[in-house]
Amino acid sequence: MKLPYAEPYKIKVIEPITQSTREERERWIVEAGYNLFNLRSDQVLIDLLTDSGTGSQSAAQWGAIMQGDESYAGASSFFELKGIVERLFDMPYMLPTHQGRAAENVLFSALIKEGDVIPGNSHFDTTKGHIEYRRAVAIDCTIEEAADTQKELPFKGEVDCKKLEEVLQKYPKQQIPFICLTITNNTAGGQPVSMQNIKDVSALAKKYDVPLLLDSARFAENAYFIKTREQRYADKTIKEITREMFSYADMMTISAKKDGSVNMGGFCAMRSAELYEKASTFNIMYEGYLTYGGMCGRDMAALAVGLDENTEFAQLDARIRQVELLGKLLDNYGIPYQRPAGGHAIFIDALKVLPNVPREEFTAQTLGIELYKEAGIRGVEIGAVLADRDPVTRENRYPKLELLRLAIPRRVYTDNHIAVIAAALANVCERKDEIVRGYKIVREAPIMRHFTVRFEQL
Ligand SMILES: *Cc1c(COP(=O)(O)O)cnc(C)c1O
């Protein structure tokens, strides 16, 4: 008989998690202002808030941590990181930062001015925040099909090149500092972008003489999907695919907390010496000296190992299989999510699960609260709360989708935890006719409000 699948690793360290009762959780969520970010982690059983910085590191990474060089300037750990960045992405200039948004802050300070436009595919929230904070505009050119959660497309995170070309024609190139291509497309459901699409976007970038930036947090998962879904790449290694993806780009920002498999870190990298010089000043001002930026030597050492290990097929295969498993279990219960399953998360289609809760009352947020009360599972809203208000009209923005994201941390939970998540969602779905009202906002920040917003139940 064919043997079943098993993960390519065993577990050396475990961490207990606390059980709680429904009554306790109902009290805690009120105290949290119905914002899941305000919960303490010991009030959570299975934490799917994010896969960012929440993964388990390997024995080799912990070993590298002990070898970290904490020299202020010229640390050997910096050169280990710089070496793997050159090998994987072929970018000769690199500035370490404390995480992805810091890389955006450094690079965008050198690139974006008021009135600019930055086309791309569903810009990530911090990316959009850093664009709008500089009084520039992010223009979403994602393919329309991305908004149809039930449509199965192998590469559902792509740029619609027609939409992109319209933007490139409409604005002078002086007003477009770069195109921002996010791989995988987080906001559209962790959906990948094909090599063909990366190539096409790059060709348009060249035609209109606009640089191309890859927002690369989940580049390795994107490479995995290219290998498994884009025929010509079936026999290529993840590292070969990675090198090709980045050969079409001029620069990159990355949150190393995702596919870098570390708990903290990031960097920006580029081909242009001139841009590096400009960005260096901002790195020194905002992050730290050029050879550590926002990172400890030991963190750079662990990241160098993490980038190498997590660009091996077996690691990515184990992770993406677990996300797919959650998708399959939800299929059994008939729970709709963004199809096909994404690389790092399942995105539940809240408008379909809770059709009685109006969007003005934050449907996906409501579903997230119900799931927490049901089983102590913490997801995150990707909908109207996250979308913030329009910077000009100050009206709430309603994106095409109201999603509850369940992000799966790397190498943290077992398949038994995954089964609990699916069953808890099925229990919430069973009560959907009773869930008719949502929440109203009682306190919010002017930008990136989802982190600190507070609600009242309606
Ligand atoms: C996480 C992420 C960021 C921001 O990185 P942080 O490390 O959270 O600051 C930017 N873009 C994408 C696509 C991301 O997934």
Helix-only mean residue ellipticity at 222 nm for the chain, each DSSP H run of n ≥ 4 adding -39500 (n - 2.57), per residue, nearest 500: -12000 deg cm²/dmol
Cleavage-rule hits (trypsin sites (Lys or Arg not before Pro)) in the stretch 113-183: DSSP loop, at most 15 neighbouring Cβ within 10 angstrom: 113, 135, 151
Normalised contact order of the stretch 1-107, rounded percent, pairs of Cα under 8 Å and 6 or more residues apart: 13 percent
Does the stretch 59-309 classify as rounded, prolate or oblate by the C-alpha gyration tensor (a ≥ b ≥ c root eigenvalues; a/c under 1.5 gives rounded; else a/b over b/c gives prolate, otherwise oblate)? oblate
Just flag the GluC sites (Glu not before Pro) in the stretch 79-149 sitting in loop per DSSP whose Cβ has no more than 15 other Cβ atoms within 10 Å. 114
Over the stretch 192-322, what is the percentage of antiparallel beta bridges among all DSSP beta bridges, to the nearest 5? 60 percent
Whole-number percent relative contact order across the stretch 227-385, with pairs defined as alpha carbons under 8 Å at least 6 apart: 13 percent
Roughly how many Å² is the accessible area per residue of the stretch 59-309, as a whole number, for a 1.4 Å probe? 38 Å²
The chain - share of DSSP beta bridges that are antiparallel (%, nearest 5): 65 percent
Where labels lie 7 Å past Cα in the beta-carbon direction, separation of residue 6 and residue 90 in nm: 4.0 nm
Hey, any idea what % of the chain's accessible area is carbon plus sulfur with a 1.4 Å probe? 52 percent
For the stretch 59-309, calculate the relative contact order in percent as a whole number, restricting contacts to Cα pairs under 8 Å that are 6 or more residues apart. 33 percent
Just check the stretch 410-458 against the gyration tensor rule for me: Cα atoms, a ≥ b ≥ c as the square roots of the eigenvalues, rounded for a/c under 1.5, and otherwise prolate or oblate depending on whether a/b exceeds b/c. oblate
Let a ≥ b ≥ c be the square roots of the eigenvalues of the Cα gyration tensor of the stretch 151-196; is it rounded (a/c under 1.5), or, if not, prolate (a/b larger than b/c) or oblate? prolate
Restricting to the stretch 59-309, compute how many DSSP beta bridges are antiparallel as a %, nearest 5. 50 percent
Which is farthest toward the positive dipole end of the chain among 201, 211, 345, measuring Cα position about the Cα centre, with Cβ charges +1 (Lys, Arg) and -1 (Asp, Glu)? 201
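The values are calculated or read from the model by the stated rules, or taken from the named source; none is laboratory data. None of the values given here were measured: they were computed from a predicted structure. Note that each Cβ is placed from the backbone with ideal geometry, even for glycine, and that neighbours are counted across all protein chains shown. With ligands, DNA and RNA removed, areas are computed over all heavy atoms of the protein, side chains included. Shrake-Rupley method; radii C 1.70, N 1.55, O 1.52, S 1.80 Å.
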